[in-house]
Amino acid sequence: AFAVSVVPEGAEDETELPVLQKSGSSGTISKISRELKEIVFIIQSQSNSFHSKRAEDLKRDILKQAAELGKELPTVLLLHQIDGHEGAWTILPLMRDFSITYGRNSSWIFFCEEDTRIQVVKLLETLGRFDKSKEWFLGKALYDEESTIIHHYAFAENPTVFKFPDFAAGWALSIPLVNKLAKKLKSEPLKSDFTIDLKHEIALYIWQKGEGPHLTPVPEFCTDDVNSSKAHHCATTFSNFLPLCEQPVKKEDVFVAVKTCQKFHGDRIPVVKQTWEREAALIEYYSDHADISIPTIDLGIPNTDRGHCGKTFAILERFLYHSSPRTPWLVVVDDDTLISIFRLRTLLSCYDPNEPVFLGERYGYGLGTGGYSYITGGGGMVFSRVAVQKLLASKCRCYSMDAPDDMVLGMCFSGLGIPITHSPLFHQARPMDYPRGYLSHQIPVSFHKHWNIDPVKVYFTWLAPNTEESLNGKKVGYNREDL
């Protein structure tokens, strides 16, 4: 009974369980229990009701497995509940607190996402291979095949040399390394700048230009599906599917606003029409020029070379005051955003439109010094009508017409106490700007930019719904070798 009780759901072959798990001796169980108490689990959770429930479910599962191993339970924390720190999701600002609270009686801090699945005994066995008195940074290694804009073209000569962790597989820091990072942060506070790809930026900070540890790849940290035949050796697995909580929201429940301008009517808009426009029931194109052939709507806002804050706020006002009040969702995209409206409708089945939801790919600005999070615009910004109502009821507006719309929105929602909701399925860049290993366990919702790619081909390779997906919303296999 003991062996069976800690098998993750879907494990197929009991003979593959680790030896420790089969041991019934009280001495072995006691040792496991003591080791388990020395791990602090941090679930990288969010305050949105859908995400917090998933994180709570994972916490319960970890503690249930632990209780079946003995009396000593580990600490399991939800990241969004830690002291209300705006930048808690960037993790580094919390290192000093981790060091003070856990630096003496713990051995490891293990981080995971809400959809990471953990086989606790196997995780203990895996961590036990490493000397806990030394500085360790453990994870499933990702790397760039080419230097990329999202990593500021780091390691341009050979980007494959620098490894960073796939958060979905879980990653771990030994307490000596946590203590070292805390000491460094005390003497050198984090700079007030952008957080764009957290996993890469954390690895860079830990590496310290070669003076700190590199990421050590751990084969037992996996992103294979829990039911995969490849998962039998894994301490962690990942639920790699597009969440579907109920039926996908109706086509008529999503209003799509496309930001464009006259100079892009001839090259970018035809791509939208060849690809994802057919998926949208309600779509309008907003430009600085009314073109009946598209058609576009001139909101009376002059085009700006960058920022577009004035245009975006005009779109929000039009949605709130001139669209059907029964339409609960608004998505604002650029004219060079590639998006699957079908998958977005599936994803939105998990969110409550009666909550103020602001959803997309999360970036941060100045979070080490009290800044704010925001949804980066190119991957698509999704708003519940309630969020738009609360925003426009406030006095928060653009400080200039060409201010960066996504950052101003982040500032406004932060001031209103409305959290940003992150989904890794939205992407500010192109597929080739991300590691293959990272995209391999995703069913993406969006990509952005047409630079040096065939955007129509990218859409049909990565985003176009096929028959199986359209019929039942289940996970499907994709041939994505041709990026």
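Could you list all residues from segment 410-446 that are farther than 23 Å from Glu114 by Cα and under 15 Å from the mean Cα position of the chain (by Cα)?
Across segment 410-446, the qualifying residue is only Ala429.
When the residues of segment 59-73 are filtered to those that are in contact with a Ser or Thr (Cβ under 9 Å, 6 or more places away or on another chain) and in contact (Cβ under 8 Å) with a residue 24 or more places away in the chain, which remaining residue is most open to solvent (accessible area, probe 1.4 Å)?
So the residue we want is Lys71.
Show the residue pairs meeting these rules: Cβ distance below 6 Å; 6+ apart or different chains; first residue within segment 343-371 and more than 30 Å from Ala280 (Cβ to Cβ) and in the same structural domain as Gln389 (by the TED database); second residue surrounded by fewer than 22 Cβ atoms within 10 Å (Cβ to Cβ) and not hydroxyl-bearing (Ser, Thr, Tyr).
Note: pairs meeting the criteria are Tyr365/Phe194; Tyr365/Gly371; Leu367/Gly87; Gly368/Pro93; Gly368/Leu190.
Consider Ser323 carefully, then state whether it is more than 18 Å from Leu416 (Cβ to Cβ), in the same structural domain as Lys273 (by the TED database) and modelled with pLDDT under 95.
yes
Restricting the search to segment 192-221, which residues are farther than 30 Å from Leu367 by Cβ and either surrounded by 18 or more Cβ atoms within 10 Å (Cβ to Cβ) or under 17 Å from the mean Cα position of the chain (by Cα) (or both)?
The answer is Glu220, and nothing else.
Which of (1) open to solvent by 20 Å² or more (accessible area, probe 1.4 Å); (2) modelled with pLDDT of 95 or more; (3) closer than 17 Å to Gly310 by Cβ is the odd one out, the single condition Asn354 does not satisfy?
Status for Asn354: all satisfied but (3).
Condition check: more than 30 Å from Asp267 (Cα to Cα) and in contact with a Ser or Thr (Cβ under 8 Å, 6 or more places away or on another chain). Does Leu416 satisfy that?
yes
Looking only at segment 286-313, which residues are farther than 23 Å from Cys412 by Cβ and either open to solvent by 50 Å² or more (accessible area, probe 1.4 Å) or part of a loop (DSSP other than H, G, I, E, B) (or both)? First the steps, then the outcome.
Taking segment 286-313 and keeping what is farther than 23 Å from Cys412 by Cβ, we get 287-298.
Correct list: Asp288, His289, Ala290, Asp291, Ile292, Ser293, Ile294, Pro295, Asp298.
Collect the residues in segment 226-240 that are assigned to a loop (DSSP other than H, G, I, E, B) and either within 17 Å of the chain's Cα centre (by Cα) or without any contact (Cβ under 8 Å) to a residue 24 or more places away in the chain (or both), keeping them in residue-number order.
Across segment 226-240, the qualifying residues are Ser228, Ser239, Asn240.
The values are calculated or read from the model by the stated rules, or taken from the named source; none is laboratory data. Just so you know, these numbers come straight off a predicted model, no measurement behind them. Note that each Cβ is placed from the backbone with ideal geometry, even for glycine, and that neighbours are counted across all protein chains shown. Accessible surface areas use protein heavy atoms only, side chains included; no ligands, DNA or RNA. Shrake-Rupley method; radii C 1.70, N 1.55, O 1.52, S 1.80 Å.
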